[in-house]
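Q: Shown below is the structure under consideration.
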Amino acid sequence: MKKKCLVAGLDGVPYTLLKKYIEKGILPNLASILNNGFALSQMDASLPDVSSTSWASFITGANPGEHGIYGFMDLKPGSYQIYFPDYSSIKAPALWEILGKTGDDKKSSLSQAYNGKLHKPRRSVVLNVPQTNPAVPMNGVLAAGFVALDLKKAVYPDSAFQYLSSMEYSIDVDSDLAKDQKEIFLKELLGSFDKRKRAFRHFFQNEDWDLFIAAITETDRLHHFFYDAALDESHPFHEIFVDFYRDLDRFLGELYKAFLEKAGKDGLFMAISDHGFTKIKSEVYVNAFLQKEGFLRLRREGRFFERIDEGTRAFALDPCRIHINMEGKFPKGSVAAAKRDSVMEEITGALFALRDESGQKVMSSVFRGDEIYNGGEKDRGPDLLFLPNDGFDLKGILKEEKIFGKRHFTGMHTRHDAHCVLPDSVPLNGKKPRIEDMAKVILDYFVSA
Amino acid sequence: MMDHLTSLENRSIFIIREAYFKFKNIALLWSIGKDSTTLLWLCKKAFFGTVPFPVIHIDTGYKFPEIYKFRDEYARKWGLDLIVASNLEKIGQGAGPEKSAKFECCNLLKTAPLKEIIAARGIDSLLVGIRRDEHGIRAKERYFSPRDDTFRWNYRDQPAELWDQYKSMEEENHFRIHPLLHMTEKDIWAYIQREDIPVCELYFSRSGKRYRSIGCAPCCGPEDSQASSVGEIIEELEGSRTSERAGRSQDKEDVYTMQKLRALGYM
């Protein structure tokens, strides 16, 4: 049988929630998959744990220092102007480019490690993966996920666009509805999930493929606004939340069965999430804190980070990417290279001392950019990256003046609680897997005889 | 071994000659852009210096002055049988991009005059300078592509592309022939450089900006660029990752992206 790999991407589905729901009997299909030679493991998301970065890490098998995606929003080099990275900003080739023998002007340490080992070009179907818009010609079919405005630009080739537009496929649900029209939002969410499933079935059956990646976004959207309902049986939306997971489980079962028929026992089936989720206790506005501590000075005029004023030593981009305002790097840079380390230490000290009103520490860990990132895009990355304790949702927005706050969001991302479902035959060697390791698992599968 | 550009040129010239041989009443659609000017050049080469069929320019009345200047200069120099087709009546009535949606404007000022000229001259086939890498929708295009009465292209029902075996021609209004289909934007510039083909001055950088694709003035925007020669354009394209038509509606997309991110609590 021809080698085939299917990846079900469950955006924001946490390992611990899957564990609990399996115990409660909510996910019988996943439980049966796990009883048939698969293991569910906890996985680390990318740093930072936002979807654009984590998915870019999954599809390229590279770290942000190499693929260049540090978040949904970033600053243009040498300025405080924001821009929104898209697929063209990803500097490393994606799995389907490595396997499909396209995108040959792009190279990464991963693609070079497999140079000459992957012989025949493989065809991929890639559906709804964030950060893949606009679609560029590739060997197969691609319908980009979040953030994409125009379905036509998001889909390759045009025949796939024709199909998706004819069935009124939608790239994403309107999350603004979740603010004050919760029932309507949930109805739309289910509708969009149904369309997504239909589209997946269509391409699964009607396209010839070796690699099939199908990402489901509705889970992430549900979690952002209803994660407090996940385990609270008295929550008015608990039943709806659980029903959504039952439906997701049925679909996983259907996919697995269809995959077995197509690929046999030798196929590689896997499920992954790009990050976990937990309940929000409080949002934390890091720039408000940096302002209060004298690291950041803002003018009233200007758009977003163009408000940064003389004397600023550091600022934060979502969720907590700290950039030191270095001389020569930024227009109003005020920190000399020799002072960089001491400013970083000062900020680390201040942020680790930050506690909420109940006395709980906000931050759990900090990483230096030059230690966690490597590759050609390293210098564009943050100087420091902080991770919070569960419950503290770090925000890089500028408009908040207080440090703690709460809005209508009830769920936040976690780095440590993403999941992967892999065949028992894939060795993890006792180490906790990271999302950027998954590409290698897939490439190894297509290499081995 | 034959070099890349010569092999591309050979394929195009083969298609042009084949088309001229097969169709009774062929014409070339010349937008004065770099692609159709390259196509015109290839037609000259295919027939040893003279283009043996009419060259149609659809004039919307909204083209850049540089385009008219270039058209008139080379129509004269190359001895072209130039037909300028234009919806004078509608232009006179003030039709234009300010008055109506872009699609309507194109329909009124481009498609309608083309339909008229095809009917009036009994044209059965048009040589058009589109390329497969231009846009997603072109991926399924064929070298020989039938159009019905409404000019619709039914990509789901295309004849197999066998040089001599077309299906019955009765239901088709005209055929479009795409001799440049296999070329990319970079190939075109490399060929322009090799052959020293004249192109409209709008393509070259003036005060830090140049046009990457040209058409009607109200619907084209220049891009930041320092490239003021063909060689520099090629160099620039080598480093560029954006598509030829990208950048036009970037502001709109940014506003949308911001809304989506805000709705999820970012920004």
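Read-outs throughout are calculated quantities, based only on the coordinates presented, and are distinct from any laboratory measurement. Worth saying up front: this structure is predicted, and the values here are computed from it rather than measured. All Cβ positions, even for glycine, are placed from backbone atoms using ideal geometry, and neighbour counts span all protein chains on display.
Q: Among A:Ser334, A:Leu351, A:Phe404, whose Cα lies farthest out toward the positive end of the dipole of the range A:282-405, if unit charges sit on the beta carbon of Lys, Arg (+1) and Asp, Glu (-1)?
A: A:Ser334
Q: Amide H neighbours of A:Ile308 under 5 Å, counting only residues 5+ apart in sequence or on other chains, H built in-plane at 1.01 Å?
A: A:Arg299
Q: Determine one quarter of the surface area of the Cα convex hull of chain A, which equals its mean projected area, and express it in nm² to one decimal.
A: 21.6
Q: Another question, if that's okay. Residue-wise, which Karplus ³J(HN,Hα) couplings in Hz belong to the range A:135-144, taking 6.51 cos²θ - 1.76 cosθ + 1.60, θ = phi - 60°, and x for glycine or proline?
A: 5, 10, x, 8, 8, x, 10, 9, 10, 5
Q: For A:Val13, which sequence-distant residues (separation of 5 or more, or a different chain) have an amide H within less than 5 Å of its own amide H, given hydrogens modelled in the peptide plane?
A: Amide H to amide H, under 5 Å and 5 or more residues apart or across chains, A:Val13 pairs with A:Asp274, A:His275.
Q: Only helical DSSP H runs with n ≥ 4 go in: add -39500 (n - 2.57) per run for chain A, normalise by residue count and round the 222 nm mean residue ellipticity to 500 deg cm²/dmol.
A: -10000 deg cm²/dmol
Q: Quantify how strongly other chains surround peptide A:146-159 by giving the mean number of their Cβ atoms within 10 Å of each of its Cβ atoms. If you can, show how the numbers build up before the last one.
A: Numbers: counts 4, 8, 4, 9, 4, 0, 3, 7, 1, 1, 2, 5, 8, 4.
Counting other chains' Cβ atoms within 10 Å and averaging over A:146-159 gives 4.
Q: While we're here: Let me have the relative contact order for the range A:282-405, percent, based on Cα pairs under 8 Å that are six or more residues apart.
A: Over the range A:282-405, the number comes to 36 percent.
Q: Please report the antiparallel percentage of the DSSP beta bridges confined to the range A:282-405, to the nearest 5. Write out the running numbers ahead of the final one.
A: Numbers: 15 of 21 bridges.
Just about 70 percent of them are antiparallel.
Q: Still on this model: Choose one of B:Met258, B:Gly33, B:Ala120: the residue whose Cα lies farthest towards the positive end of the charge dipole of the protein assembly as shown (beta-carbon charges +1 Lys, Arg; -1 Asp, Glu; about the Cα centre).
A: Most positive-ward Cα: B:Ala120.
Q: I'd like the Karplus ³J(HN,Hα) series for the range A:177-191: coefficients 6.51, -1.76, 1.60, θ = phi - 60°, whole numbers in Hz, and an x wherever there's a Gly or Pro.
A: Using θ = phi - 60°, the values come out as 4, 5, 5, 9, 10, 4, 5, 5, 4, 5, 5, 5, 4, 5, x Hz.
Q: Cut-off is 10 Å between beta-carbons; in what order do B:Ile192, A:Ile69 appear when sorted fewest neighbours first?
A: Taking fewest neighbouring Cβ atoms as first place, the list is B:Ile192, A:Ile69.
Q: Looking at the protein assembly as shown, what % of its DSSP beta bridges pair antiparallel, to the nearest 5? Write down the numbers at each step before the final one.
A: Values: 39 of 77 bridges.
If I count the DSSP bridges inside the protein assembly as shown, around 50 percent turn out antiparallel.
Q: Take each of the peptides B:52-63, A:382-393, average the number of other beta-carbon atoms within 10 Å over its residues, and list them starting from the highest.
A: Details: B:52-63: 19.4, A:382-393: 21.3.
Order by mean packing, descending: A:382-393, B:52-63.
Q: So, one more: Hey, what did chain A get for relative contact order, percent, Cα under 8 Å, at least 6 apart?
A: 28
Q: Hey, another quick one. Sticking with the crude label model, points 7 Å out along Cα→Cβ, report the distance from A:Gln162 to A:Asp379 in nm, one decimal please.
A: Placing both labels 7 Å beyond Cα along the Cβ direction yields 4.8 nm.
Q: What order do you get for A:424-433, A:340-349, A:135-144 when each peptide is scored by the mean count of other beta carbon atoms within 10 Å, highest first?
A: Descending mean neighbour count gives A:135-144, A:340-349, A:424-433.
Q: For the range A:282-405, with the dipole built from +1 on Lys and Arg beta-carbon atoms and -1 on Asp and Glu ones, taken about the Cα centre, which of A:Gly311, A:Pro388, A:Val284 lies farthest toward the positive end?
A: A:Gly311
Q: Mind listing the Cα extents of the range A:282-405 along all three principal axes, in Å, largest one first?
A: Each principal axis gives a Cα extent; for the range A:282-405 these are 41, 35, 23 Å.
Q: Shifting gears a bit: Through the Karplus equation 6.51 cos²θ - 1.76 cosθ + 1.60, θ set to phi - 60°, convert the phi angles of the range A:92-104 into ³J(HN,Hα) values in whole Hz; use x for Gly and Pro.
A: Once θ is set to phi - 60°, the couplings for the range A:92-104 become 9, x, 7, 3, 6, 7, 5, 6, x, 6, 10, x, 6 Hz.
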